[in-house]
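Input: a single structure, listed below in structure tokens.
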Amino acid sequence: MNGLQVLGTGRCLPGRRVTNEDFARTLDTSDEWIAGRTGIRQRYFCAEGETAASLATVAARRALDDADISPADVGVCIAATFTADRRTPALACEVQAALGLPETALCLDVNAACTGFVTALETARCLLLGGQMAGPYALVLGAEKISSLLDFSDRSTCVLFGDGAGAAVVRLDAQAPWAAVFGTRGDGQVLHGGGPDDPFLAMDGRAVFRFAVETVPRCIRAVLEKAGLTLGEVDRLVLHQANSRIIHGIARKLDEDPARFYENMQRYGNTSAASIPIALDEMRRDGQLLPGQTVLCAGFGAGLTWGGVLLRA
Ligand code: COA
């Protein structure tokens, strides 16, 4: 079915750990409020000198080491991010230089916010399938320095996010199941930031919550229908890690046990495009993702955008 097989993964979290109690020292908030509404207990922010590119490079190097493939065989490098350190060059080009990927590699960034990583996977798959890439492997990254867009006096947003990077090395696998479903509902009011009039991330939290619990179950059902699979035939479910209550709401709508959905926002907060590859790397290294297993990944976020894809571990 020309899906993607994951050959290796990596992650990198920055150096400054901030707990809910740390926030409660400077903001009118509490661990009880943050953890109770979101599941989040701590997150990591970039320390002096750490950048989206530095996190991305370390995560990518770990993924290549894990896959045990030579950088010379990478044909595509895609970085999903909405917080690249600069507008140009692309984060993916910085990773290409830092890791010595070949000059023949196609390198580009994808900005689909928290849907970025699944969007980048489908982009990589289509490029590999097109037969024009110089190498058989794609290095797909999610890397964010969201702290650069946070207003640390706004308790309703700053406690939700974290910085980090995750990466996966993938290749086409003729036997791997594949289906991809995407959606866009352009609405800059619900979740936005980084513009001349709105330098900081801002959102209508309740509207985002409703949007996610409404669209993601439909998206997951559509992926399963396209692939001819039932939810029970999928081994692992890895959703964007925004909020534990969103994941539980999605599970309820699918009539599925929430325990089947991986969760790690407790440790990292919402790292946007990095959240799914960070989760995949944790699972792989903890022995929770076994070779041959089928994984369904789904993201949702600013745009508004959503998307779901299948992977073979
Ligand atoms: N600590 C304490 N109180 C806080 C707070 C904080 N960090 N942030 C907001 N509050 C307050 C609000 O000011 C509000 O007070 P008020 O009633 O006096 O006005 C109160 O808590 C309740 O706010 P409400 O918006 O009703 O809470 P909620 O149950 O909807 O939870 C979110 C808020 C943001 C946690 C929740 O809506 C959410 O997670 N939404 C999705 C956000 C998200 O994941 N975005 C990224 C998606 S990719």
#### Entry: For the chain, convex hull of alpha carbons as volume per residue, Å³
120
### Task
Starting from the Cα of ARG206, step 7 Å toward the Cβ, then list every residue of segment 1-44 with an amide N under 20 Å from that point.
33-39
### Task
With a point put 7 Å past each Cα toward its Cβ, work out how far LEU129 is from ARG86 in nm, to one decimal.
3.6
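Suppose all protein chains stay in the model; what accessible area per residue would a 1.4 Å probe give for the chain, in Å²? Before the final figure, lay out each step's value.
Details: 12590 Å² over 313 residues.
Per residue, the chain has 40 Å² of solvent-accessible surface.
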## Note on the structure
Note to self: C-alpha centroids of segment 58-102 and segment 17-48 sit apart, in Å, by 31
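How large, in Å, is segment 33-126 by the Kirkwood hydrodynamic radius built from its alpha-carbon pairs?
So the Kirkwood estimate lands at 14.6 Å.
Please give the calculated 222 nm ellipticity per residue for the chain, where each DSSP H segment of at least 4 residues contributes -39500 (n - 2.57) and the sum is spread over every residue; nearest 500 deg cm²/dmol? Could you put the intermediate results ahead of the total?
Working: 10 runs with 104 residues, N = 313.
Rounded to the nearest 500, the figure is -10000 deg cm²/dmol.
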### Query
Please state the relative contact order of segment 1-149 as a whole percent: Cα pairs under 8 Å, 6+ residues apart?
27
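For the chain, give the percent of accessible area contributed by carbon and sulfur heavy atoms, probe 1.4 Å, rounded to a whole number.
Details: 5940 of 12590 Å².
Of the solvent-accessible surface of the chain, carbon and sulfur hold 47 percent.
The values are calculated or read from the model by the stated rules, or taken from the named source; none is laboratory data. If you're wondering where the values come from, they're calculated on a predicted model, not measured in any experiment. Glycine also receives a Cβ, built like all others from the backbone with ideal geometry; neighbour counts cover every protein chain displayed. All accessible areas refer to the heavy atoms of the entire protein, side chains included, with ligands and DNA or RNA removed. Shrake-Rupley method; radii C 1.70, N 1.55, O 1.52, S 1.80 Å.
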